[in-house]
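Reviewing the structure listed below.
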Amino acid sequence: MAYVGLHTQIRRNNTKSILLLFAFPLLILLGVVFIITYLSGWDWNKSVEPIIQVTPIVFVIVGIWFVISYFFHNQMIQRATHAKPLDRKDNMRVYNLTENLCMSVGMPMPKLFIIETEALNAFASGINQKSHSVTLTRGIIDTLDDKELEGVIAHELMHIRNNDVRLLIVTIVFVGILGVVLDLLLRGLFHGLGRRRGGKDNGGAIIILLLVVTVVIYFFSMVFKFALSRSREYMADAGAVSMTKDAHALASALRKISGNSKIETKNDEVKELFIDNGTDEKSKGFMGSIGAIFSTHPPIEKRIEFLEKM
């Protein structure tokens, strides 16, 4: 894997975040334009006025959602993962490891959270210095020794330094919204099928329209996910080794995490934040192999191999 510099990675993530911020409202607006034009019988003259009226409403709604996500994204993630603040007096070991790593690279100390589960996992989140946080499971704290846990924390700190977390949050929010829209459209599709049985309305055309919009939304949700380069995990692993000077410890931690990382969440998109989102388990079988192609995480064994070469 070609190793790119820290500043190059940060620049790429910032650029992708900005592009996604502009792409999302435009995507919603294109969908609205398509639906209005269809309902007007593809008559552009009849479509112009309602499109002009709807456009500011679309941007206002998207803007409100951006504001809500900006100020409350951490609370949303904590609720989805059942994370709670990590108490300093009962977890001095974790605080000491994190503070020492932060001081070694001159970065501010993030907030620390814990998920009370025996699963072994961790993730970083936040879009600015005030909201940056690192979350660890009880299982990973109790199972890993100091060197291994230090490697995991360093990995998450690198995601913060690289601005990976900002891009991840933007992507999770957008894909999550698209998922809600997709769910609503599918409900409308089945409702339309039920009504069509006894009606002679335009049900067939509406169903086709819903199917087209559904496919387009699914496609763009995958495009948003592809903005998450799988190389970011290798970058965070390499950066963690640079911080701790110990590739073996992080490789050992990943071996213990592999197969023991499953966490139940209220929102599956949040799993893209995890140090391990179960790519190895998903890749079993033919359908799993297809799914692994679209995974945002490389397999853990590949990451261990990369670390051992270091």
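The values are calculated or read from the model by the stated rules, or taken from the named source; none is laboratory data. Keep in mind that this is a model prediction, so the values were computed, not measured. Positions of Cβ are backbone-derived with ideal geometry, glycine not excepted, and every protein chain shown enters the neighbour counts. Remember, those area values only see protein heavy atoms, side chains included, never the ligands or the DNA or RNA. Shrake-Rupley method; radii C 1.70, N 1.55, O 1.52, S 1.80 Å.
For region 115-126, the set of residues classified as under 19 Å from the mean Cα position of the chain (by Cα) and either in a strand (DSSP E or B) or without any contact (Cβ under 8 Å) to a residue 60 or more places away in the chain (or both) consists of 115, 122, 123, 124, 125, 126, listed by residue number.
All told, residue 256 falls short of being among the basic types (Lys, Arg), at pLDDT below 85 and part of a helix (DSSP H, G or I).
Selection of region 273-310 for residues being crowded, with 16+ Cβ neighbours inside 10 Å, at pLDDT below 85 and acidic (Asp, Glu) yields only 280. Selection over region 39-63 of residues that are closer than 16 Å to residue 21 by Cα, surrounded by 14 or more Cβ atoms within 10 Å (Cβ to Cβ) and not hydrophobic (A, V, I, L, M, F, W, C) gives a count of 0. Within region 64-99, can you find the residues that are touching a residue at least 12 places away in the same chain (Cβ under 8 Å), loosely packed, with under 13 Cβ neighbours inside 10 Å and in a helix (DSSP H, G or I)? The one that is touching a residue at least 12 places away in the same chain (Cβ under 8 Å), loosely packed, with under 13 Cβ neighbours inside 10 Å and in a helix (DSSP H, G or I): 93. Taken as a whole, the structure leaves residue 232 outside the set of residues that are open to solvent by 20 Å² or more (accessible area, probe 1.4 Å), at pLDDT 70 or above and not small (Gly, Ala, Ser).
Of all residues in region 100-114, exactly one satisfies the criterion of being in a loop (DSSP other than H, G, I, E, B) and crowded, with 19+ Cβ neighbours inside 10 Å, namely 110.
Of the residues making up region 115-148, those that are among the charged types (D, E, K, R) and surrounded by 19 or more Cβ atoms within 10 Å (Cβ to Cβ) number 1.
For region 32-66, the set of residues classified as within 30 Å of residue 126 (Cβ to Cβ) and of a type in the set (Gly, Ala, Ser) consists of 63 only.
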